[in-house]
Structure formats: C-alpha cells, structure tokens
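Following: one structure in structure tokens, then a few remarks.
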C-alpha cells in the first residue's frame, strides 16, 4: 500500500524541509487538540467536588482560548505548506510528462492512444496530488494522532478501559486491507476505461465533419454512450467498495463506544475512575472517529495514487527511439546529403518502405520526389527528420553519418511542411511565428506574399490576429497549406522539406509559390515530394519511386526522354489540366 510513498521518495527528499515542517506542525496541532478534553474532565470533577471557583473558570477559559489561537495558526501553516507541496508535485509531474512527450518519436504515439495519454496527464496526476497532500494528512492522523489519543486515554485515564474499547481495531485493520486491494484493481480498470473514452471523444471531435458527411451521428452517439456506460460501471464498482469504508468504520466505532460507555460506567461505580475522566474518555473516543476514518481514507488514497503513479511511470519509463549521441559529430552547414543503400521498414509493417535508396544531394539543389501513393516519398523525408531508429545503409551529411550528430542540430537545419498541416489553436501571426518567434509583422507579411496568402489575410476578419480554430478548422485546406509554407519560409532553413505541401492549392497559385521558392531558396537545399509533377518540373534532380525503389531519376527533360512512368503520368496530368481549363 505504501509503495507509492517509496516511489515518490525523490520528491519528498527534494522538498523535505516543507514536508518536515508541515508534518511537525500537524503533530503539534494534534497534541494541542488533546488538551481541551482533559480540561473539560478536570472542570467536571471540580464541579462534582465543589472545588471549582470563578478564578479557576477564568484560568481554564484563558488556557482554552490560547489553545484555540495556537491551533488555528499552526493548522493554517501546515495546511498551506502540505497542499502547496502536493500542487508542486502535480506541476512537476505534468512538466515531466510534457517534456517526455516532446522527446518521443512516432513509434511511441503509435503504441499509445492520445486519449489515454491525456487521462494520465489529468486524472492520474490528480490522484497523485491527493496522495502527496491528503494522503500524508491521513497517514499522520491514522498513525501518530491515533497513537497520541490512545496514549492519552491509557496513561491518563485507565489502561484496561482503553484496551477494551479498542478491541474492534484489529478487525478494522484486516477489513480495510481487503478493501484496499479491491480498490486498486478496480481503479486501474476505471482509469483505463476513462482513457479509452477520452481517445474516442478526441477522434469524434477531430472527425466531426466526416461524421456529419456520412450521417454517422447516431452511430457515434451510440458508441460514445456505450463507452460512457462502461466508464460509469467501472467507477460504480470503485464507489461500491469505497462506500463500504464509512459504514464499516461507523459500526466498529459504535462497538468501541458501547464498550467504553458500559465498562467505563462500571469503573466509575467502582471508583476506579472519576465521572470527569469518563467524560474525557468518551470525548477522546469521539476524537478517534476521524483517525479511524483516516485509516480507510489512507488505504483508498494510497491505492489510487499507487495505481495512477504506475500508469504515469509506465509512460515516463518508455525510452525515445532516437537519442543524440553522447559525443556528437559537429557539422556547421549541411553542404552534401548522401543516401547510401538505405533500406527501411516501419516497425508495424511487414514489407519494406524503402529499398536500396542511393542519392547524392549538393547544397543549393532542389530534389523532386514523385511516385504512386505509398511509393515511399514521405518515408525518404522522414529519414532526414530521424523519426525512426533503425534502417539499413547510411545517411551522410558532409560525409559524416547523420545518426552521429546531435538531434537538435540536424533538426534545426530543417523546415518541414507535412502532408497534414498542423496549425495550432492560435492566431495566424502566432502560427507563422512558430517558425521564428521573434519575427516582426513586416517579416510575416513578406513570407505571406511568398506563399500567396496576402489576398486571403485581407479578407479574414481579424487579419493576422484571426484565430484559426483547433487544427486550423476555420481555414480552407489551401489556406492551411499556405500558412504552413509561410511558417517554413520565415524559418529560412538550410534544408526545406515539402511533403505534398501544395496539393490543395490551384495550379496558378502553385506556380506562383514555386517561382518564389526558386528565388528565395538559392544556395539552400529543398526536397519536394508531390503527386502533381508540375510541382517538381523545375527541380535539379527528380527521383521516381515505386514500392520503395528508385525506378527512374534525372531532370524533367531526361525523364521525359525515358518514356517511362514519369512521361506517362506527366502527359496524363497535362491532359487533365487542359480538359479542366475548357
């Protein structure tokens, strides 16, 4: 049960001063709170024996008032210190998770669903916060405070009466332990179900247009209701066990009260204890109710926290597929890029996506990559991005292996516009500044002109401050592509990767962007993967892929002379363009 505290020992060591103060203050407050019942008992005995005077009443009230002020002050201090420490743990763990996500490669996100990762970053971290805050409180109250009360009852009133009243405690310990084990397993199931539901909701929100287009609202609603029912059922199972804690403790406390009152009354009649001591004893028994409840809460919180920490650590313990070498090779500028017999297979795939790819690219060249859908165009670009760990062959930069260089350096050279443009739920200005956070409005307008977005920005209600919505939902496909291209342009990278980045724009706009590209990218390397051959016609070198292999390569003119796939596809696309223009 207390494994979670051991697993979090690194945090408690780091913040040991705060937690030491909070626990010490909590213990002092607990000790102070034991004094009033004793004062009440003393007052009752003095009343019984007619020895209580006005001066004595004033003295007792003054002591009681001082205890209240001191208890209030220390309670505020330990409460603030303890729960601010718990909030700090949540912040640290959330930062650790976010940093971990940013380091992970596509393989990690293929293995883990987004909704489940979100659940671990929210619900599970809340459970950890409860453990580091309320869990520590219940730990102290269910152990030290309980021991202090029992000691006060035994040593200052009557030891036999105390033992008799506490006979139900071993039964409670056994039952609480059984409840705790059940809660741990059921809570894990509930959190996993919540993660699945989260993922389903995320997919539905992202794909709401497709759901509506195919009139699948009812089906999606039924699926969601089924998943929410599953989450509900599993949380109800947790709640059923959780609900057993309070009545179990209430019954056992009631038994303790019965024993204490019955046996205590007999001891008063036998003059073993006084009436005031019996009253004090029963007050202490009442004070034991919270520590007994705290035992149940402690087991509940610790088991939930342990289950959640296991889930979070499971994520944090996954290692990135790609890491920078400890002693990286240093290359200032990428002057040449060489693919030497590169063969690559995706981890989840059966066949090879690239087969013996050999290609030499010099600084300033534009490389076109074309081929059928699934031929391997995107996969070649991903080798430069180093998204996957293993491939056969070698990728060299200036004659040095790419995997022997620092990741932040090689990725810092690259500007990337993927097939599926990723825009953030921010303004157009902020999305473009993502490529260069210090970019001025003048620079932004310039790159928008290069990407043919100036006319569009004039028609948008907020101009540069127009919010694009989640994933750029307020923009058309062509507008999203051009914002993404502007973001890459403003970065002015050494290597620019355009992965079918102009598929949603018309031919005239594409030609204009390509013309600007040729002017702006002089002396810098550009890779253009495309389905429309007009996008690569101007390239210095074009490779044609089929099932991961280069089947043709050369300039546009050379490929036309080969009378192969490229020529057939080019003539077909030209014919389609002519028919569309009629």
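The values are calculated or read from the model by the stated rules, or taken from the named source; none is laboratory data. All values reported here derive from a predicted model rather than from experimental measurement. Cβ: placed from backbone, ideal geometry, glycine included. Neighbour counts: every protein chain shown.
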>> Quick test of your reading of the structure: residue 360 fulfils all but one of (1) at pLDDT 90 or above; (2) closer than 30 Å to residue 505 by Cβ. Name the failing condition by number.
In response: (2)
> Does the range 470-480 hold any residues that are surrounded by 15 or more Cβ atoms within 10 Å (Cβ to Cβ) and part of a helix (DSSP H, G or I), and which are they?
Replying inline: 471, 472, 478, 479, 480
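So that you can scan it fast, the table gives a plain yes or no per residue for (1) modelled with pLDDT under 90; (2) closer than 17 Å to residue 364 by Cα:
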| site | (1), (2) |
| --- | --- |
| 497 | no, yes |
| 509 | yes, no |
| 515 | yes, yes |
| 533 | no, no |
| 545 | no, no |
| 553 | no, no |
| 558 | no, no |
> All but one of (1) part of a loop (DSSP other than H, G, I, E, B); (2) more than 30 Å from residue 333 (Cα to Cα) hold for residue 493; which doesn't?
Replying inline: (2)
> Just checking, which of 227, 197 is surrounded by 15 or more Cβ atoms within 10 Å (Cβ to Cβ), under 30 Å from residue 181 (Cα atoms) and within 21 Å of the chain's Cα centre (by Cα)?
Replying inline: 197
> Going through the range 542-555 one residue at a time, which ones are closer than 16 Å to residue 528 by Cβ and surrounded by fewer than 18 Cβ atoms within 10 Å (Cβ to Cβ)?
Replying inline: 554, 555
>> Take the residues in the range 413-447 that are touching a residue at least 60 places away in the same chain (Cβ under 8 Å) and closer than 30 Å to residue 325 by Cα; name whichever of them is surrounded by the most Cβ atoms within 10 Å (Cβ to Cβ).
In response: 417
> Restricting to the range 403-419, what's the tally of residues that are in contact with a strand residue (DSSP E or B) (Cβ under 9 Å, 6 or more places away or on another chain), more than 13 Å from residue 330 (Cβ to Cβ) and assigned to a helix (DSSP H, G or I)?
Replying inline: 1
>> If residue 518 meets every condition in (1) touching a residue at least 60 places away in the same chain (Cβ under 8 Å); (2) on the phi < 0 side of the Ramachandran plot; (3) surrounded by 15 or more Cβ atoms within 10 Å (Cβ to Cβ) apart from one, which number is that one?
In response: (3)
>> I'd like to check something: does the range 365-373 contain any residue that is under 12 Å from residue 529 (Cβ atoms), in a loop (DSSP other than H, G, I, E, B) and in contact (Cβ under 8 Å) with a residue 24 or more places away in the chain?
In response: yes
> What pairs can you find where one residue is in the range 481-510 and at positive phi and crowded, with 19+ Cβ neighbours inside 10 Å, the other is in a loop (DSSP other than H, G, I, E, B) and at pLDDT 90 or above, and their Cβ atoms are less than 8 Å apart, with a gap of 6+ or different chains?
Replying inline: 500/530
> Which one of these is surrounded by fewer than 17 Cβ atoms within 10 Å (Cβ to Cβ) and either out of contact with any helix residue (DSSP H, G or I) (no Cβ under 8 Å at 6 or more places or on another chain) or touching a residue at least 24 places away in the same chain (Cβ under 8 Å) (or both): 215, 140?
Replying inline: 215
>> For the range 450-469, give me each residue that is part of a helix (DSSP H, G or I) and in contact with a helix residue (DSSP H, G or I) (Cβ under 8 Å, 6 or more places away or on another chain).
In response: 450, 454, 456, 457, 463, 464, 465
> Hey, does the range 120-135 have a residue that's crowded, with 17+ Cβ neighbours inside 10 Å, more than 21 Å from the chain's Cα centre (by Cα) and touching a residue at least 24 places away in the same chain (Cβ under 8 Å)?
Replying inline: yes
> (1) in contact with a strand residue (DSSP E or B) (Cβ under 7 Å, 6 or more places away or on another chain); (2) part of a helix (DSSP H, G or I); (3) at pLDDT below 90: which one isn't true of residue 501, the others all being true?
Replying inline: (2)
>> Can you find a residue that is farther than 27 Å from residue 510 by Cβ, in a loop (DSSP other than H, G, I, E, B) and over 28 Å from the mean Cα position of the chain (by Cα) anywhere in the range 377-393?
In response: yes
> If you go through the range 64-72 one residue at a time, do you hit one that is at pLDDT below 90 and over 30 Å from residue 313 (Cβ atoms)?
Replying inline: yes
>> Tally up the residues in the range 143-161 that are assigned to a helix (DSSP H, G or I) and crowded, with 21+ Cβ neighbours inside 10 Å, please.
In response: 5
>> With in a helix (DSSP H, G or I), touching a residue at least 60 places away in the same chain (Cβ under 8 Å) and either over 30 Å from residue 122 (Cα atoms) or under 34 Å from the mean Cα position of the chain (by Cα) (or both) as the only criterion, which of 313, 282, 356 stands out?
In response: 313
> Would you say residue 62 is loosely packed, with under 13 Cβ neighbours inside 10 Å, over 22 Å from residue 301 (Cα atoms) and over 29 Å from the mean Cα position of the chain (by Cα)?
Replying inline: yes
> With (1) touching a strand residue (DSSP E or B) at 6+ places or on another chain (Cβ under 7 Å); (2) modelled with pLDDT under 90 as the list, and residue 519 as the residue in question, which single condition is left unmet?
Replying inline: (1)
> Counting only residues that are more than 28 Å from residue 13 (Cβ to Cβ) and at pLDDT 90 or above, how many does the range 117-149 have?
Replying inline: 1
>> I'm told residue 570 meets every condition in (1) within 15 Å of residue 372 (Cα to Cα); (2) in contact with a helix residue (DSSP H, G or I) (Cβ under 7 Å, 6 or more places away or on another chain); (3) not in a helix (DSSP H, G or I) except one. Can you identify the failing condition by its number?
In response: (3)
> Quick check, is residue 531 part of a loop (DSSP other than H, G, I, E, B) and out of contact with any helix residue (DSSP H, G or I) (no Cβ under 7 Å at 6 or more places or on another chain)?
Replying inline: yes
